[in-house]
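Readers should treat all values here as calculations from the given coordinates under stated rules, not as data from a laboratory. Keep in mind that what you see is a predicted model, and the values were worked out from it rather than measured. Note: ideal-geometry Cβ built from the backbone for every residue, glycine included; neighbour counts use all protein chains shown.
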Amino acid sequence: MKQILTTYILAVAAFTAMAQPRFSSNKETYDFGQIEWKHPVTVQYVITNTGDQPLVLTEVEPSCACSVAEWTKSPIAPGEKGTISVTFDAEALGHFDKSLAIYSNAVPHLAYLHFVGEVVQEIKDYTKTYPYLIGKIRLDKNTLDFPDVNRGDHPVLKIGVVNLSDQAYAPILMHLPPFLDMRVEPEVLQKGEKGVITLTLNTEKLNDLGLTQTSIFLARFPGDKVSDENEIPLSTILLPDFSGLTDAQRVNAPVVHLSEKNIDMSAELAKKRKAKQDILLTNTGHSLLQISKLQVFNPAVGVSLKKNVLQPGETTRLRVTINKKDAFKTKRHLRILMITNDLHSPKVEINIKAK
């Protein structure tokens with residue numbers, strides 16, 4: 001009996017060691033380059049939970065009072081992402097090297113991120129702080145992403161702009177969709193002057209759950225036309241709103257479980273023109289699971305879901321097919337986006353490897 005108990009304890013300990021959240025950042029050190037004295041700057045780190053249990057960021061502590069941090073407070077499900085944003089006040093001239101202490105329920109419980117740069121009275125090198133050149137205009141972003149928003153949210157994105165032309169310049173974004181509001185300060189930039197384009201997302205005007213993708217275009221001069229050269233891709237993901245749920249509904253919420261989230265179809269496609277693979281979806285929660293949206297982003301990917309409403313304990317099949325002929329015609333990611341009413345995994349991504 002004692003031997004059985006010892007074996008059980010060791011098995012539980014081994015399982016606990018394997019089943020845990022893991023902290024991963026898209027960058028460990030961010031270099032601001034030159035930034036202007038008394039002009040605060042912000043860096044955002046994208047955090048991924050590469051483990052198999054929810055990741056909780058309990059505290060983020062900058063190394064000095066010159067920085068303020070904000071971070072994702074809700075649990076980050078396995079495979080999902082959160083963010084840590086840090087604003088540096090740039091009050092002191094000279095080089096700086098700052099750190100962030102991140103406390104979480106991962107092992108180890110403490111991790112560090114860093115940001116470096118130089119505060120100067122006059123910026124002469126814009127290549128790091130405004131790395132993207134469109135015509136004679138430099139930007140600090142060339143893509144716009146509003147990730148994981150809920151109906152009623154009004155998140156804001158700011159685009160830094162520098163006018164390097166010889167003429168006065170009025171920043172204008174063309175083909176602005178109806179769910180975006182734009183404000184520019186100042187409205188006209190003189191030669192060498194910097195400005196900010198502020199974009200506010202109006203989620204009430206988004207048509208549907210899931211991913212919305214479009215493009216806007218920066219006018220480089222009066223009368224400019226749209227082209228690949230001045231295109232700025234824009235994306236946002238609208239998630240279900242759970243704010244009105246009762247405590248009982250939260251406790252008894254549905255839970256989506258997938259047999260796989262990363263599938264490799266390259267071996268089959270090496271021999272055939274078309275490959276298929278089945279993924280099993282199970283509702284391991286205590287109420288109805290609803291799959292409200294399935295989206296693909298490459299014409300080579302096909303999906304077929306047998307049922308989109310699952311009772312507790314019920315399993316269904318998601319069939320994924322890949323057409324080899326179309327798989328690499330575009331650079332679009334081979335993935336599937338699923339929107340559910342699972343509180344902790346309203347957004348599920350399935351990644352596909354085809355070569």
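At most 14 other C-beta atoms within 10 Å and a DSSP loop state: those are the exposed GluC sites (Glu not before Pro) I care about. Give me the longest piece of the chain that has none.
Formally, the longest exposed-site-free interval is 194-259.
Between Asp89 and Lys306, what is the FRET efficiency for a Förster distance of 56 Å, r being their Cβ-Cβ separation, to the nearest 0.05?
Once the sixth-power term is evaluated, E becomes 0.55.
Per residue of the stretch 111-121, in order, report the coupling 6.51 cos²θ - 1.76 cosθ + 1.60 (Karplus, θ = phi - 60°) as ³J(HN,Hα) in whole Hz, putting x for Gly and Pro.
These are the phi-based 3J(HN,Hα) values: 10, 10, 10, 9, 9, 9, x, 9, 8, 10, 6 Hz.
Using a 10 Å cut-off around each Cβ, can you sort Met265, Met338, Met174 from fewest to most neighbouring Cβ atoms?
Met174, Met265, Met338
As a test of the formula, what do you get for the chain when each DSSP H run with n ≥ 4 contributes -39,500 (n - 2.57) and the sum is divided by the residue count, at 222 nm and rounded to the nearest 500 deg cm²/dmol? Intermediate values should be presented prior to the final figure.
Numbers: 3 runs with 26 residues, N = 355.
That calculation yields -2000 deg cm²/dmol at 222 nm.
What whole-number distance in Å separates the alpha-carbon centres of the stretch 279-323 and the stretch 156-201?
With the stretch 279-323 and the stretch 156-201 each reduced to a Cα centre, they are spaced 42 Å.
Divide, for the stretch 132-239, the radius of gyration over alpha carbons by 2.2 N^0.38 Å, where N is the residue count.
Values: Rg = 14.2 Å, N = 108, 2.2 N^0.38 = 13.0 Å.
Here the Cα radius of gyration is 1.09 times the empirical estimate.
Over the chain, what is the relative contact order in percent, taking alpha-carbon pairs closer than 8 angstrom and at least six residues apart? Could you put the intermediate results ahead of the total?
Numbers: 835 pairs, mean separation 41.1, N = 355.
It comes to 12 percent, rounded to a whole number.
Non-local amide H neighbours of Thr72 (under 5 Å, H modeled in plane, Pro and chain starts lacking H): which ones?
Distant-sequence amide H within range of Thr72: Thr83.
Using the crude model of +1 on Lys and Arg Cβ and -1 on Asp and Glu Cβ, and no other charge, please compute the dipole size for the chain relative to its Cα centre, in debye to 20.
That gives the chain a dipole magnitude of about 1980 debye.
Over the stretch 164-270, what is the relative contact order in whole percent, taking alpha-carbon pairs under 8 Å and six or more residues apart?
Reported relative contact order: 22 percent.
Counting other beta carbons within 10 Å of each Cβ, put Tyr126, Tyr103 in order, fewest first.
Tyr103, Tyr126
Return Tyr130, Tyr112 ranked ascending by Cβ neighbour count within 10 Å, so the fewest neighbours appear first. Display every interim value, and only then the final one.
Numbers: Tyr130 21, Tyr112 12.
Result, fewest neighbours first: Tyr112, Tyr130.
Give me the angle, in degrees from 0 to 90, between the Cα long axis of helix 2-18 and the longest principal axis of the Cα atoms of the chain, rounded to the nearest 10.
For helix 2-18, the angle is close to 30 degrees.
Among rounded, prolate and oblate, which fits the stretch 206-355 when a ≥ b ≥ c are the square roots of the eigenvalues of its C-alpha gyration tensor, a/c under 1.5 means rounded, and a/b larger than b/c means prolate? Present the calculation step by step, with values, prior to reporting the outcome.
Working: a/c = 3.47, a/b = 1.26, b/c = 2.74.
Oblate, because a/c is 1.5 or more while a/b does not exceed b/c.
State, to one decimal in nm, how far the label point of Ala101 lies from the label point of Arg151, with both points 7 Å from Cα in the Cβ direction.
Placing both labels 7 Å beyond Cα along the Cβ direction yields 4.3 nm.
Scattering from the C-alpha atoms of the chain alone, worked out with Debye: what is log10 I(q)/I(0) at q = 0.12, 0.13, 0.15 1/Å?
So the normalised log intensities are -1.10, -1.23, -1.42.
Here are some pairs, Lys191/Lys225; Lys271/Lys306; Lys38/Lys81; Lys38/Lys128; Lys205/Lys293; which of them have Cα atoms lying more than 25 Å apart in this structure? Walk me through the intermediate numbers first.
Numbers: Lys191/Lys225 22 Å; Lys271/Lys306 27 Å; Lys38/Lys81 32 Å; Lys38/Lys128 18 Å; Lys205/Lys293 18 Å.
Exceeds cut-off: Lys271/Lys306; Lys38/Lys81.
Can you list the HN-Hα couplings for the stretch 167-173, worked out from phi with the Karplus curve (6.51, -1.76, 1.60; θ = phi - 60°), rounded to whole Hz and with x for Gly and Pro?
With coefficients 6.51, -1.76 and 1.60, one gets 10, 5, 9, 10, x, 9, 9 Hz.
Can you tell me the Rg and Dmax of the stretch 23-120, counting just the alpha carbons, in angstroms?
Values for the stretch 23-120 (Cα only, Rg and Dmax): 14.0, 44 Å.
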